[in-house]
Amino acid sequence: MGLNVLPKYFQPWIQWLQTLWKFSRPHTIIGTSLSVLGLAAIALAASLQAKGSGSGLASIAQIPWPQTIGLILSALIPSLCANVYIVGLNQLKDVEIDRVNKPGLPLASGDFSRTEGVAIVIATGILALVLSAMGGQFLFLTVLASIGIGTAYSLPPLRLKRFPFWAALCIFGVRGLVVNLGFFLHFQEHLGGSGAIPLQVWALTAFVILFAFAIAIFKDIPDAKGDRLFQIGTLALRLGIPAVFNLALWVLTGGYLLLIAAAALGSIPVQPLFSIATHLGLLVWLWLRSSRVDLEDNRSISQFYQFIWKLFFLEYLLFPLACLLTI
């Protein structure tokens with residue numbers, strides 16, 4: 001339904017919300033949402049196993065769904081606010097670079113004024129901290145660490161995105177360690193469990209660290225033109241685009257092989273056939289898709305980067321499902 005069929009009063013609000021959606025970088029919002037939901041499912045599976053609540057439908061029937069859904073929302077909302085704060089702050093500091101690399105972003109295109117951008121970043125940052133503090137210590141520390149690292153990534157005097165090593169460490173530190181361990185501990189605290197972080201969470205964390213590292217180094221390939229212009233020393237500029245592309249591809253391959261081996265050896269409590277088949281299929285899909293990338297075509301590179309994010313999304317669906325299938 002187009003905006004022109006809505007009452008004129010609502011059209012500016014709908015347009016503003018659509019611009020806010022672009023400002024929030026939808027692929028990161030989807031990734032954050034799925035990671036929270038996936039870790040809640042893993043914590044739920046671990047809790048049911050620890051309590052010996054039966055198997056299959058019998059254990060699922062015992063779940064207090066209203067409280068569980070409320071618990072998930074209490075973590076999801078502040079995490080999304082933190083997400084908008086982090087990507088919004090990055091856009092505020094990179095307006096000139098984005099006019100070259102990502103001219104469609106709201107601040108670069110002028111759809112949002114700088115004042116609007118600052119207001120959104122401040123509001124979401126405050127909301128993230130206040131709402132997470134109401135949710136418990138692990139949730140608050142997770143959100144606080146994410147905001148702190150995101151601030152150091154974009155904001156002077158540190159502005160760690162200027163340095164390939166520190167930029168990558170920020171991204172896989174948040175996506176890998178902070179998000180996975182922090183949210184799992186938060187859900188475990190409320191759902192019950194052994195108190196220790198189980199092997200399947202460590203396996204997922206290792207996988208996501210590798211995946212986030214690949215995303216961190218790959219995301220600079222389509223941005224090479226603007227980064228060169230503004231002297232942002234990314235790996236893509238230092239090592240060359242083909243070298244970084246291949247490095248990211250092999251890092252992703254290593255992550256998939258790690259989970260396939262862990263499932264095959266019975267090292268983690270997941271449904272082995274499901275886990276092996278799905279991850280092997282994704283690995284084959286990755287290599288087939290990579291063979292069609294034209295490193296001379298920025299659009300082709302950007303499409304593959306978005307494909308990597310889709311694989312990231314899938315992991316937070318498939319891995320928790322493999323855990324739940326063991327109940």
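The values are calculated or read from the model by the stated rules, or taken from the named source; none is laboratory data. Everything numeric here is computed off the predicted structure, so don't read it as measured data. Positions of Cβ are backbone-derived with ideal geometry, glycine not excepted, and every protein chain shown enters the neighbour counts.
Listed here are the helices (runs of 4 or more DSSP H) enclosed by region 240-327 that have at least 3 residues being more than 17 Å from VAL201 (Cβ to Cβ) and β-branched (Val, Ile, Thr): 241-264, 272-290.
Note on region 115-142: residues that are surrounded by 18 or more Cβ atoms within 10 Å (Cβ to Cβ) and of a type in the set (S, T, N, Q) amount to 3. Considered as a group, the residues in region 66-112 that are of a type in the set (Gly, Ala, Ser), within 17 Å of PRO26 (Cα to Cα) and under 22 Å from the mean Cα position of the chain (by Cα) include one that is surrounded by the fewest Cβ atoms within 10 Å (Cβ to Cβ), and that residue is GLY104.
Within region 207-247, the set of residues being small (Gly, Ala, Ser), in contact with a helix residue (DSSP H, G or I) (Cβ under 6 Å, 6 or more places away or on another chain) and modelled with pLDDT of 80 or more comprises ALA212, ALA214, ALA216. Do we have any residue at all in region 301-322 that's modelled with pLDDT of 95 or more, surrounded by fewer than 18 Cβ atoms within 10 Å (Cβ to Cβ), out of contact with any Asp or Glu (no Cβ under 9 Å at 6 or more places or on another chain) and among the β-branched types (Val, Ile, Thr)? Among the residues of region 301-322, not one is modelled with pLDDT of 95 or more, surrounded by fewer than 18 Cβ atoms within 10 Å (Cβ to Cβ), out of contact with any Asp or Glu (no Cβ under 9 Å at 6 or more places or on another chain) and among the β-branched types (Val, Ile, Thr), which makes the answer no.
Selection of region 174-192 for residues being crowded, with 20+ Cβ neighbours inside 10 Å, among the small types (Gly, Ala, Ser) and either over 26 Å from ILE276 (Cβ atoms) or out of contact with any helix residue (DSSP H, G or I) (no Cβ under 6 Å at 6 or more places or on another chain) (or both) yields only GLY182. Of the helices (runs of 4 or more DSSP H) contained entirely in region 105-200, those carrying at least 1 residues that are without any contact (Cβ under 8 Å) to a residue 12 or more places away in the chain fall at 106-109, 114-135, 137-154, 164-172. Mind checking whether some residue in region 264-272 is closer than 24 Å to GLU96 by Cα and modelled with pLDDT under 95? For region 264-272, residues closer than 24 Å to GLU96 by Cα and modelled with pLDDT under 95: absent.
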